[in-house]
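**Q** Attaching a single structure in structure tokens format; questions to follow.
The values are calculated or read from the model by the stated rules, or taken from the named source; none is laboratory data. Note that this is a predicted model, so its numbers are computed, not measured. For neighbour counting, all protein chains shown are included, and Cβ atoms are generated from backbone atoms with ideal geometry for every residue, glycine included.
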Amino acid sequence: ETGVTQTPRHLVMGMTNKKSLKCEQHLGHNAMYWYKQSAKKPLELMFVYSLEERVENNSVPSRFSPECPNSSHLFLHLHTLQPEDSALYLCASSQDPGGLNQYFGPGTRLTVL
Amino acid sequence: QQQVKQSPQSLIVQKGGIPIINCAYENTAFDYFPWYQQFPGKGPALLIAIRPDVSEKKEGRFTISFNKSAKQFSLHIMDSQPGDSATYFCAASINSNYQLIWGAGTKLIIKP
């Protein structure tokens, strides 16, 4: 595997379910990010991790819970989501927290019923 | 002040034409302006970037023009090809800050 991988690619869940999104980067980077992408809107930065420490949490609802067990893996735990949370969730990594070249995974298309 | 406004929302150009996508910003502290390209089913990928100390940067068929006084920058694609059909995002940041401020994207279609 190369670059940034994300699983699953598609996820449908009910509002009472608990699920997790997984991201893995094979680039040796030190910073990882979660973004939310909705149609015709700018990408929304959700969380940033640098060397496994969370450095940014952009007022994201607590129903989204990130986890970064090591510099190569990033998870987004989901519970009691709302239909408006349906979107493409993108993971990215960069060499360091000031990394201006962010490498993105293909995303997880999430649908909340 | 933290917004980046991108236009147009969508654009259709004939093969060989020169699509132009524009972005405008307010925060004069921004000093890094990248463009990302996103194909369906893929994440965005860095295409080209510029800093405000130059007015133009070219990489292959892609050119960024930067107007510091107008606080605007634009992407031009020379000799456009159907394979250039994608969504293009402009962004801006303050150096050493990982937080990119994104435009809303432009869906570009190049007709054969």
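**Q** Among the residues of the stretch A:38-49, which ones are within 7 Å of chain B (Cβ to nearest Cβ) and either in a strand (DSSP E or B) or surrounded by 14 or more Cβ atoms within 10 Å (Cβ to Cβ) (or both)?
**A** A:Pro42, A:Leu43, A:Leu45, A:Val48
**Q** Given A:Glu52, A:Glu24, which one is touching a strand residue (DSSP E or B) at 6+ places or on another chain (Cβ under 7 Å), surrounded by fewer than 21 Cβ atoms within 10 Å (Cβ to Cβ) and closer than 21 Å to B:Phe39 by Cα?
**A** Going through A:Glu52, A:Glu24 in turn, the sole match is A:Glu24.
**Q** Could you list, in sequence order, the residues of the stretch A:1-29 that are in a strand (DSSP E or B) and under 9 Å from A:Ser93 (Cβ atoms)?
**A** A:Val4, A:Cys23, A:Gln25
**Q** Residues in the stretch A:66-87: is at least one within 11 Å of another protein chain (Cβ to nearest Cβ), within 12 Å of the chain's Cα centre (by Cα), modelled with pLDDT of 95 or more and under 27 Å from B:Ser10 (Cα atoms)?
**A** no
**Q** Restricted to the stretch B:29-49, and to residues that are over 14 Å from the mean Cα position of the chain (by Cα) and of a type outside the set (A, V, I, L, M, F, W, C), which residue is surrounded by the most Cβ atoms within 10 Å (Cβ to Cβ)?
**A** Across the stretch B:29-49, the extreme among qualifying residues is B:Gly43.
**Q** Follow-up. Looking at B:Ala29 and the list (1) within 12 Å of chain A (Cβ to nearest Cβ); (2) modelled with pLDDT under 95, which single condition is not satisfied?
**A** For B:Ala29, the exception is condition (1).
**Q** Residues in the stretch B:50-57: is at least one in contact (Cβ under 8 Å) with a residue 24 or more places away in the chain, crowded, with 18+ Cβ neighbours inside 10 Å and either more than 9 Å from chain A (Cβ to nearest Cβ) or of a type outside the set (D, E, K, R) (or both)?
**A** No.
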